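All remarks here apply to the structure that follows.
Each reported figure results from applying straightforward, stated rules to the coordinates on display, with no laboratory input. Owing to the predicted nature of the structure, the values given are computational and were not obtained by experimental measurement. So basically every Cβ, Gly included, is an ideal-geometry build from the backbone, and we count neighbours across all protein chains shown.
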Amino acid sequence: MLKKLGISNAFIPELRRSHLFSCLEEEAINKMIATAELIRRPLGDMLFHAGDKAEKFYIVHTGTVKLFLLASDGGEKIIEIIQAGRSFAEAVMFMEQNRYPVNCQLLEASEILAFDNETYVSILRSSPEASFSLLAEISRRLHGRLVEIDNLCLHNATYRLVNYLLSQIATDAEGAPGIHLAIQKSAIAARLSIQRETFSRILARLKNSNLLKVSGSNIQVIDIEGLKALLDE
């Protein structure tokens, strides 16, 4: 069931961590908050479909969503997986055709902050400083996308999976490195353009090589330097 709630100034610290709001003055942020919504949706719900009118951009407060396209044969191509703290659909507000180019579905029950496109664009029009600051951040993120395309096009499946695992490593309370896969392995495989069988086979090989210890969605990293070495092969 769709639930929409207004948001308060308590969200300002979280918004400040987003490149979309770090460039704004407090008055502008308050203006965005006044028109914003907190959307609560269950696992599997669609937030929007490709072709829908794009009136909002979003930040994931809790949970995970995926952006994807459907092929002519009904197959699904995951464009991006968005986790808590990250924004999505913001580029659409600068496009001439004001329609979402992809579908968005929740990979787990999520809370999503929705913001009005027209309000944000009007703020940028009135503040050249904010516009140039945002442009610089978008350029940096574009460079990151080019690196990602390089990984997908020029490297094999083992490289792509190992590179992804290394990017997900966090330390527990005892300082031990580990990984928690917050989304299904099949979704990760699709995002990395790897067949599910290949994904499982590579993960098993890393486990048998004593580089990882896998327990469901939790992975203990045994030899982080050994994993890094695979990127140089």
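Please work out the Cα center distance from the range 36-52 to the range 119-197, rounded to the nearest Å.
Answer, in whole Å: 21.
Going by a ≥ b ≥ c, the root eigenvalues of the Cα gyration tensor, does the range 52-143 fall in the rounded group (a/c under 1.5), the prolate group (a/b larger than b/c) or the oblate group? Working shown, then result.
On the way: a/c = 1.86, a/b = 1.60, b/c = 1.17.
Since a/c reaches 1.5 and a/b is larger than b/c, the shape of the range 52-143 is classed as prolate.
Nothing charged except the Cβ atoms of Lys and Arg (+1) and of Asp and Glu (-1): what's the magnitude of the dipole of the range 155-230 about its Cα centre? Round to the nearest 20 debye. Write out the running numbers ahead of the final one.
Working: 9 positive and 5 negative charges, 75 e Å.
Using Cβ point charges on Lys, Arg, Asp and Glu, the range 155-230 gives about 360 debye.
Let me see the P(r) profile for the chain: every Cα-Cα distance counted, bins of 10 Å, each bin given as a percent of all pairs.
7, 27, 32, 23, 10, 1
Which residues' amide hydrogens lie under 5 Å from the amide hydrogen of R99, considering only partners 5 or more residues apart or on another chain, with H built in the peptide plane?
A54
Based on Cα positions only, what radius of gyration and what Dmax would you give for the range 91-221, in angstroms?
According to the Cα coordinates of the range 91-221, Rg and Dmax are 19.3, 58 Å.
Give, in nm to one decimal, the length gained when the segment between D52 and S217 is fully stretched (0.36 nm per residue of separation minus the Cα-Cα distance). Show your work: numbers first, answer last.
Numbers: separation 165, 0.36 × 165 = 59.40 nm, distance 3.39 nm.
The span from D52 to S217 would gain 56.0 nm if fully extended.
Around R86, which amide H atoms from residues at least 5 apart in sequence, or from another chain, sit under 5 Å from its own amide H, with H modelled in the peptide plane?
V60
For D116, D223, D150, what ranking results if the residue with the fewest other Cβ atoms within 10 Å of its Cβ goes first? Present the calculation step by step, with values, prior to reporting the outcome.
Values: D116 18, D223 14, D150 10.
Ordered from fewest to most neighbouring Cβ atoms within 10 Å, D116, D223, D150 come out as D150, D223, D116.
Pull up all non-local amide H partners of E76: gap of 5 or more, or a different chain, and H-to-H distance under 5 Å with H placed in the peptide plane.
The list, which skips near neighbours in sequence, is A71.
Over the chain, what is the relative contact order in percent, taking alpha-carbon pairs closer than 8 angstrom and at least six residues apart?
Numbers: 355 pairs, mean separation 42.7, N = 233.
Dividing the mean separation by the residue count of the chain yields 18 percent.
What value, in deg cm²/dmol to 500, does the helix sum -39500 (n - 2.57) over DSSP H runs of n ≥ 4 give at 222 nm once divided by the residues of the chain?
Numbers: 9 runs with 92 residues, N = 233.
Counting only the DSSP helices, I get -11500 deg cm²/dmol.
Compute the acute angle (0 to 90°) between the alpha-carbon long axis of helix 157-167 and the principal axis of greatest extent of the alpha-carbon atoms of the chain; round to the nearest 10°.
60
If I model a spin label as a point 7 Å beyond the Cα along the Cα-Cβ vector, how far apart are those points for L166 and A109 in nm?
3.7
Report, in debye and to the nearest 20, how large the dipole of the chain comes out about its Cα centre when Lys and Arg carry +1 and Asp and Glu carry -1 on their Cβ.
Values: 26 positive and 28 negative charges, 115 e Å.
So the dipole magnitude of the chain works out to roughly 560 debye.
Pairs on different chains or at least eight residues apart, Cα atoms closer than 25 Å: how many lysine pairs in the chain fit?
22
In sequence order, what are the phi-derived ³J(HN,Hα) couplings for the range 16-30 according to the Karplus relation 6.51 cos²θ - 1.76 cosθ + 1.60 with θ = phi - 60°, rounded to whole Hz, with x for glycine and proline?
Karplus values, whole Hz, x for Gly and Pro: 4, 7, 8, 4, 6, 10, 5, 8, 9, 6, 4, 4, 5, 4, 4.
For each of C23, C153, count neighbouring Cβ atoms within 10 Å of the residue's Cβ, then give the residues from fewest to most. Please report the intermediate quantities before stating the final value.
Details: C23 20, C153 8.
So the ranking, lowest neighbour count to highest, is C153, C23.
Sort L70, L106 so that the residue with the fewest other Cβ atoms within 10 Å of its own Cβ comes first and the one with the most comes last. Please list the in-between numbers first.
Details: L70 13, L106 20.
Least crowded to most crowded, the residues run L70, L106.
What's the angle, to the nearest 10 degrees (0 to 90), between helix 196-208's Cα axis and the longest principal axis of the chain?
Approximately 60 degrees, to the nearest 10.
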